[in-house]
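Following: one structure in structure tokens, then a few remarks.
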Amino acid sequence: MPKKRSAGPPAIGNLSAALVNVILTGDDPDDEFFRFTVDLLEGGDYLPRLYRENQDALLAEFRRRGLPGNPWIVGETR
């Protein structure tokens, strides 16, 4: 019997899966330098701004994944 298919994780705004990983966990398993590359785009405020703009959906994804603690970007101060 065929398995149910899923469309994968729900889309969060126009964020890529890698950006969601960086915002929620602080890194991307596929590219260890991705966080630094992205953060340089707007002088260091890019990731916190993306978090603020998509906070409700990102918190829901954080809970869905069952990650411990708080999303990485919450404690980020710049």
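The values are calculated or read from the model by the stated rules, or taken from the named source; none is laboratory data. Predicted model only: the values in this text are computed from it and were never measured. All Cβ positions, even for glycine, are placed from backbone atoms using ideal geometry, and neighbour counts span all protein chains on display.
Residues in segment 49-78 that are part of a loop (DSSP other than H, G, I, E, B) and closer than 19 Å to ALA11 by Cα: how many?
Qualifying residue count for the region: 4.
What pairs can you find where one residue is in segment 60-71 and more than 10 Å from VAL20 (Cβ to Cβ) and touching a residue at least 40 places away in the same chain (Cβ under 8 Å), the other is loosely packed, with under 12 Cβ neighbours inside 10 Å and not aromatic (Phe, Trp, Tyr), and their Cβ atoms are less than 9 Å apart, with a gap of 6+ or different chains?
What qualifies is ARG64/PRO9; ARG64/PRO10.
Among the residues of segment 15-40, count how many are in a helix (DSSP H, G or I), over 9 Å from the mean Cα position of the chain (by Cα) and loosely packed, with under 15 Cβ neighbours inside 10 Å.
3
Anything in segment 55-78 that is surrounded by 15 or more Cβ atoms within 10 Å (Cβ to Cβ), among the acidic types (Asp, Glu) and modelled with pLDDT of 85 or more? List them, or say none.
Listed by number, the list holds a single entry, GLU61.
Is it true that some residue in segment 41-48 is closer than 18 Å to GLY13 by Cβ, free of Cβ contacts under 8 Å to residues at least 40 places away in the same chain and surrounded by fewer than 13 Cβ atoms within 10 Å (Cβ to Cβ)?
Among the residues of segment 41-48, at least one is closer than 18 Å to GLY13 by Cβ, free of Cβ contacts under 8 Å to residues at least 40 places away in the same chain and surrounded by fewer than 13 Cβ atoms within 10 Å (Cβ to Cβ), which makes the answer yes.
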